[in-house]
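Scroll down for the structure; my scribbles are underneath it.
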Amino acid sequence: MAVEDIAEVPERLVPGTLAWDLYQVEHKQRYEWALDYCQGKRVLDVACGTAYGSTILAQRGAAQVVGVDISVEAIASNGKRPARLALANGDACNLPFDDGTFEIVVSFETIEHLASPEHLLMEISRVLKPGGVCICSSPNRDFLPFSGKKETNPFHISEMSYDEFDNLFAEYFEVSERFSQTQSEMYIRHLQLLREFDERLKPIRFSRLLRIENKIRSLLGRDPLHGVECLSARLSRAVAGDYVIEPLHEPFSDLLTFILVGRSKAF
């Protein structure tokens, strides 16, 4: 299965792609943070994709992990998997499991892609054992980056404000903890410096001399000079510690993602 085939699914994070290099730290951190809840438990990872997160949970303490995803190709790409990990094909809004099957359900980077997010929470509630725990993330619709420019994501059809997410989640679960995930102050400053650096490089990047140089290199059969314009992208890749998850006290606009933890309700 080629990486390109799997990557055709909108926003799927696939190892070996540029998106993976840029965002893997942020995504993996959520699973690593959730490990404490999953120790010795039977866990379901909803919309697991290529199951990189399910693998983290299975290798580091969960009794059993089941990853479910609507993409057969994504699941099939996970060739070597831990003995405690099983993968299944299924719809997040119509999970192929019996009632009360799991002790923990995690769902990261899923709810914002669904036209009816309540169906996801309803299904998670159904497959959880009484008193089971749901851990769910949702991007902050009101997030305003330091650049002041809000970019819309066409694949996020149900982005919510904090209040909307919290109220919807509370319809299906007894909320016990609230967290936020965002960039560290040091990483934000790093990105600001890169932005300033990039602005200073623009005259070079779009200069006539550089275009002439690249035409000459092309005639000589040499690769064009593009290291300057790619430098910011390479330096902006996050490393461990560039994102932080901490208890949520107030939903500020500079918070990237909200994470809610709650126990299933008896209906």
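Here is how the numbers come out for the structure above:
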| read-out | value |
| --- | --- |
| Yes/no for Ala233 being modelled with pLDDT under 75, hydrophobic (A, V, I, L, M, F, W, C) and assigned to a loop (DSSP other than H, G, I, E, B) | no |
| Which numbered condition Asp223 misses (of (1) at pLDDT 70 or above; (2) touching a Pro at 6+ places or on another chain (Cβ under 8 Å)) | (2) |
| So Asp45, is it more than 12 Å from the chain's Cα centre (by Cα), at pLDDT 95 or above, in a helix (DSSP H, G or I) and closer than 28 Å to Leu256 by Cα | no |
| Elements of type strands (runs of 3 or more DSSP E) in segment 59-150, at least 1 residues being open to solvent by 40 Å² or more (accessible area, probe 1.4 Å) and touching a residue at least 60 places away in the same chain (Cβ under 8 Å) | 102-107, 128-139 |
| Pair list, Cβ < 6 Å and 6+ apart or interchain, from segment 244-267 residues that are of a type in the set (A, V, I, L, M, F, W, C) to residues that are open to solvent by 80 Å² or more (accessible area, probe 1.4 Å) and modelled with pLDDT of 90 or more | Leu248/Arg178; Leu260/Arg178 |
| Residues of segment 151-174 classified as of a type in the set (A, V, I, L, M), in contact with a helix residue (DSSP H, G or I) (Cβ under 8 Å, 6 or more places away or on another chain) and open to solvent by less than 40 Å² (accessible area, probe 1.4 Å), total | 2 |
| Inter-residue pairs, beta-carbon under 8 Å, first without any contact (Cβ under 8 Å) to a residue 60 or more places away in the chain and open to solvent by less than 40 Å² (accessible area, probe 1.4 Å) and in segment 31-52, second part of a helix (DSSP H, G or I) and of a type in the set (Val, Ile, Thr), 6+ apart | Leu35/Ile56; Cys48/Ile75; Thr50/Ile6; Thr50/Ile75; Ala51/Ile75 |
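The values are calculated or read from the model by the stated rules, or taken from the named source; none is laboratory data. Keep in mind that what you see is a predicted model, and the values were worked out from it rather than measured. Here the Cβ is made from the backbone with ideal geometry for all residues, glycine too, and neighbour counts use every protein chain on show. Note: areas computed on protein heavy atoms with side chains; ligands, DNA, RNA excluded. Shrake-Rupley method; radii C 1.70, N 1.55, O 1.52, S 1.80 Å.
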